[in-house]
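Just so it is clear, none of the values below were taken in a lab; they were calculated from the coordinates. Values in this document were obtained by computation on a predicted structure and should not be read as measured data. Here the Cβ is made from the backbone with ideal geometry for all residues, glycine too, and neighbour counts use every protein chain on show.
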Amino acid sequence: MTGAQFKRVTPRSGAPVTLSFDGVPLTATAGDSILATLLSHGRFVRHHEFGGGPRAGFCLMGACQDCWVWSGHGGRLRACTTPVADGMALFAEPQPLLPSHE
Ligand code: FES
C-alpha cells in the first residue's frame, strides 16, 4: 500500500459502504467508483502483464481497460465505471469461477 492518489476535496453525502480488496477492508460512500475508492485508500488495481508494475487505471472514463479488477465470483469489473456496493469482495488477480447453482 502507498499514499492516497485521490483525495476527496468536497464532502459528499451518501450511505457508507464497506467492501474489501485482496482481503483488506475499505470504506467508501455510495456512488463512489471502485477505482476512486482504491486510489483514495492508496491501493493499485493490478499488476501489469509485462514487467509486473502496479497499475492504477489510465483514462478514468471506461476507454482503456487498464483498471480491471476481479470480483469474488470470478467476474471482471472495470473499476473506473463500476460503483461500489456494500459487501463487495474484489481482487487484483483473477479468481476461480464459482460453480453454477443449476
Ligand atoms: S481507467 Fe481506463 S477503462 Fe478504467
(request) In a Gaussian network model over the chain where Cα atoms closer than 10 Å are linked, find which of Arg46, Arg12, Arg55 has the largest mean-square fluctuation. (result) Arg12
(request) Evaluate the charge dipole of the chain about its Cα centre and quote only its size in Debye, nearest 20, assuming +1 on the Cβ of each Lys and Arg and -1 on the Cβ of each Asp and Glu. (result) 360 debye
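Grab the Cα-Cα distance for Thr18 and Glu93, subtract it from 0.36 nm times how many residues apart they are, and report the gain in nm with one decimal.
Numbers: separation 75, 0.36 × 75 = 27.00 nm, distance 2.01 nm.
Going from the current span to full extension adds 25.0 nm.
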(message) Report the gain in length on full extension from Glu49 to Asp86: 0.36 nm times residue separation, minus Cα-Cα distance, nm rounded to one decimal.
(response) 10.4 nm
(request) Figure the gain on full extension for Trp68 and Ala4 (residue separation times 0.36 nm, minus the Cα-Cα span) and round it to one decimal in nm. (result) 21.1 nm
(message) Given the chain, report the % of alpha carbon pairs whose separation exceeds 21 Å.
(response) 31 percent
